[in-house]
1. Is it true that residue 22 is in contact with a strand residue (DSSP E or B) (Cβ under 7 Å, 6 or more places away or on another chain), modelled with pLDDT of 85 or more, closer than 30 Å to residue 105 by Cα and surrounded by 15 or more Cβ atoms within 10 Å (Cβ to Cβ)?
2. Evaluate the stretch 96-103: report whether one residue or more is touching a strand residue (DSSP E or B) at 6+ places or on another chain (Cβ under 6 Å) and crowded, with 16+ Cβ neighbours inside 10 Å.
3. How about the stretch 119-160: which of its residues are closer than 19 Å to residue 94 by Cβ and touching a helix residue (DSSP H, G or I) at 6+ places or on another chain (Cβ under 8 Å)?
4. Quick one: which residue in 119, 176, 210, 153 is under 22 Å from residue 77 (Cα atoms) and assigned to a helix (DSSP H, G or I)?
5. Of the conditions (1) closer than 21 Å to residue 204 by Cα; (2) out of contact with any strand residue (DSSP E or B) (no Cβ under 7 Å at 6 or more places or on another chain), residue 110 clears all except one; give me its number.
6. Regarding the stretch 47-56, can at least one residue be identified that is surrounded by fewer than 20 Cβ atoms within 10 Å (Cβ to Cβ), outside the structural domain of residue 119 (by TED's automatic domain parsing) and modelled with pLDDT of 85 or more?
7. Quick one: in the stretch 80-95, which of the residues that are modelled with pLDDT of 95 or more and buried (at least 20 other Cβ atoms within 10 Å of the Cβ) is nearest to residue 122 (Cα to Cα)?
8. Kindly indicate whether residue 114 is surrounded by 17 or more Cβ atoms within 10 Å (Cβ to Cβ) and either closer than 27 Å to residue 156 by Cα or without any contact (Cβ under 8 Å) to a residue 12 or more places away in the chain (or both).
């Protein structure tokens, strides 16, 4: 019998870090004299850097070349690591991972963030990337909404992607899950609304990791039974 596996996004799903990323991108963009409203930046968090740049081109009247993208990424990482002092796990995140681990349910983290920014989030969460399956943007060809991150995470766990439950906070997570035929579960903790997540094929939507933990039976009866609930 093939067991379900949980594949988690990181920012806004397990760690309360979305708005630090937004502010870091805002600072990086302003360093290049690009004025973009904070709410517009928020709508792009979770997609790959290349798609982020493509989206920018639609909204500003100036060219963006590879050199500028490199500078933006470096300045975003510098600003984010400065702001990350306030980053903390979302309610129930550690407990959820501990419950899955204790009951033998495989899980992994798959994030569009590169290790240069993901490392501080993993440390805040108490996850050792050497001891757990963690896939970052550096390790795959394409990021969300392409499914490469989740497919690679499932491969490393040795679980067919069709048996995976993708947990994320953005429409990009849900679109990626749908593209690889995984089950998408949305969380509101990253700022997207329930209607947006459901329109992106989230089967269920919960407030945060703590709410998901309380409702494990709705998404994985095996995990729920293993937890003795």
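The values are calculated or read from the model by the stated rules, or taken from the named source; none is laboratory data. Remember, predicted model here, so these are calculated numbers, not experimental data. Positions of Cβ are generated from backbone atoms using ideal geometry, with glycine treated the same way; all protein chains shown enter the neighbour counts.
1. no
2. The answer is yes; a qualifying residue exists.
3. 120, 121, 124, 125, 126, 127, 128, 129, 133, 134
4. Going through 119, 176, 210, 153 in turn, just one is under 22 Å from residue 77 (Cα atoms) and assigned to a helix (DSSP H, G or I): 119.
5. Tallying (1) closer than 21 Å to residue 204 by Cα; (2) out of contact with any strand residue (DSSP E or B) (no Cβ under 7 Å at 6 or more places or on another chain), residue 110 fails exactly one: (2).
6. No; the residues of the stretch 47-56 include none that is surrounded by fewer than 20 Cβ atoms within 10 Å (Cβ to Cβ), outside the structural domain of residue 119 (by TED's automatic domain parsing) and modelled with pLDDT of 85 or more.
7. Residue satisfying both the conditions and the ranking: 89.
8. yes
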